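First the structure, in the form of structure tokens, and then the observations on it.
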């Protein structure tokens, strides 16, 4: 069926994996440990902006939830997108009509109910907050992971001398601790969500 719809999931999965590899490759390539206060400040600004956006979305979801009208609108948009997708596939017109006619039944069977969708969205937003914080913290701290514990004597790097109270990294440490705490709290929330499990609807066993 998927082949007849001209859908290449192998390529899609490969693209996602490539993006993940790019992130890892970037973090592994970060070797500039001697960041200035301005450089660290720039990373922290990115961290603040992106974390605030994700946290606000999470707060809105957990506070207001998803209204019936919002969920219906999402269903309608998905239906329209799937209809457009089916129309664009290289299959006989008869099959296109049949698939489009079956969309309401198919969507009702595979789509999560509103409460389940809200749960999945909360999990994804929680993961997003953690990912944002940990990524930007890694941009600053990754080069220090080995250098500070196993200094290379040929580089004339003395951890006791470098990590002074005037070091840009040490000066900004309170701010980094604050976001580390946010990541820890969100990880706790994620564990709670996963432990609670996927909510069941009234018509599910």
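Every number here is computed from the coordinates shown, using simple stated rules; none is lab data. Computed from a predicted model, the values in this text were never measured in an experiment. Don't worry about glycine lacking a Cβ; one is built from the backbone with ideal geometry, like all the others, and counts go over all protein chains shown.
Worth a mention:
- Across the chain the C-alpha pair distances fall into 10 Å bins from zero in the proportions 7, 22, 25, 22, 14, 8, 3, 0 percent.
- For the stretch 98-205, the fraction of alpha-carbon pairs in successive 5 Å shells from zero, as %: 2, 9, 13, 13, 11, 10, 9, 8, 6, 5, 4, 4, 3, 2, 0
- Among 25, 118, 53: highest mean-square fluctuation, GNM of the chain, C-alpha pairs under 10 Å: 25
- With a Förster radius of 25 Å applied to the C-beta separation of residue 141 and residue 60, the computed FRET efficiency comes to 0.25.
- Among 181, 50, 81: highest mean-square fluctuation, GNM of the chain, C-alpha pairs under 10 Å: 81
- Taking 160, 111, 194 as the candidate residues, the one with maximal mean-square fluctuation in a Gaussian network model of the chain, Cα springs under 10 Å, is 160.
- The alpha carbon gyration tensor of the stretch 57-145 gives principal lengths a ≥ b ≥ c with a/c of 1.5 or higher and a/b no greater than b/c, which makes the shape oblate.
- For the chain, the 222 nm mean residue ellipticity estimated from helices alone, with every DSSP H stretch of n ≥ 4 adding -39500 (n - 2.57) and the total spread over all residues, rounds to -25000 deg cm²/dmol.
- Cα gyration tensor shape for the stretch 63-114, rounded if a/c is under 1.5, else prolate or oblate: prolate
- For the chain, the longest principal axis of the Cα atoms and the long axis of helix 173-196 meet at an angle of about 30 degrees.
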